[in-house]
Structure formats: structure tokens, C-alpha cells
Amino acid sequence: MFESPQEQVPDNKVGVWIGVAIVVVIAVGLFYYVSRKPKSTAPVSTASMGGAGAPGADPTKDLRVVSVTMQKDDSGTTAEWLVDIKNDSPTYTYSNIGYETTYLGASQNVLSVNHGTINLTIPPGEDQSTQFRDVLYPDGTSIYRLKVTGASSSQ
């Protein structure tokens, strides 16, 4: 007899599109944040000049930086490096390893570059860890790098 009229709810797709738009904006923002975030570890490179010593030796190819960590010393002013270097050469022993450290700011600007020598001798096929102090830690450093620049070699 008397039936109550059923309310018809209009099919509202605007809410669905707003939800999809929000998800897309969040995904794009997250992608941008992750791709622009400075790395906390140093990319390691072994290039540039060769070393003195045995003919045919190439320390920039034979010496590989396995791991590198940089932190401030206890006073907070000087950079301290902990480096593990592997000698991939089957015949050459390397010593007095030359290095270059680079300190970069958040916008990839170079804050400081330093060259030095690690007093270490690494026989063929072996790896060794060492710790050394570098330059005064530049304010604003967000990325740091270390590369082998040369070494003395012997057979």
C-alpha cells in the first residue's frame, strides 16, 4: 500500500577523483624527496694518476676502497676517516697510498678538497683497514668522497 519512497543517492565520482589526485600528488612528492635527498655515504672512485714503482702497476685500478666512513672527531672540528682498502692485484704490493677527499654542501658545491698519503702497505690480494685524520670539518658538509690517487708499488 503505502510504501516510503526510497532515496536515490546520486553516483558521485568527484570524491573518487579527488582521492586519486591526492594519492598521485603524494607519490610524486615522495619520489622527488627520495631522488633529491643527499646520500649519507660516499661514492667511491678510483681514477686519475698512477703511482711510482714497478712498471705495469696501476694503483688506481688495483686498489679498491671497500668501505669508507667519515665522522667528526671528539672536538667536532676535524674529519676522521675509517677506510678499508683491498689490493686486487695478483702481483704488486702497494704502499704510501695517495688519496683525495672532497667535501660537498647540500647543493653539490665543493666546500673543501684535500690530498694526503696513507702510510699503509697492502700485499697482493689482501685488504686492510686504517683510520686517519683529515682537514678541519667544513660546516655544511652533506656529502663526502674519498678516492685513491696513486701509490708506490713493488713486486
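The values are calculated or read from the model by the stated rules, or taken from the named source; none is laboratory data. Just so we're clear, the structure is a prediction, and the values are computed from it rather than from any experiment. All Cβ positions, even for glycine, are placed from backbone atoms using ideal geometry, and neighbour counts span all protein chains on display.
Structure values in brief
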quantity: Thr78 hydroxyl-bearing (Ser, Thr, Tyr) and within 21 Å of the chain's Cα centre (by Cα); calculated: yes
quantity: Complete set of residues in region 74-94 that are charged (D, E, K, R) and either in a strand (DSSP E or B) or surrounded by 12 or more Cβ atoms within 10 Å (Cβ to Cβ) (or both); calculated: Glu80, Asp84, Lys86, Asp88
quantity: Filter result (in contact with a Ser or Thr (Cβ under 6 Å, 6 or more places away or on another chain) and surrounded by 15 or more Cβ atoms within 10 Å (Cβ to Cβ)) within region 139-155; calculated: Arg145, Leu146, Lys147, Val148, Thr149, Ser152
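Condition check ((1) polar (S, T, N, Q); (2) modelled with pLDDT under 60; (3) farther than 19 Å from Ile122 by Cβ) across all residues:
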residue: Ser4; (1), (2), (3): yes, no, yes
residue: Glu7; (1), (2), (3): no, no, yes
residue: Ile22; (1), (2), (3): no, no, yes
residue: Val25; (1), (2), (3): no, no, yes
residue: Lys39; (1), (2), (3): no, yes, yes
residue: Ser45; (1), (2), (3): yes, yes, no
residue: Ala54; (1), (2), (3): no, no, no
residue: Val68; (1), (2), (3): no, no, no
residue: Glu80; (1), (2), (3): no, no, yes
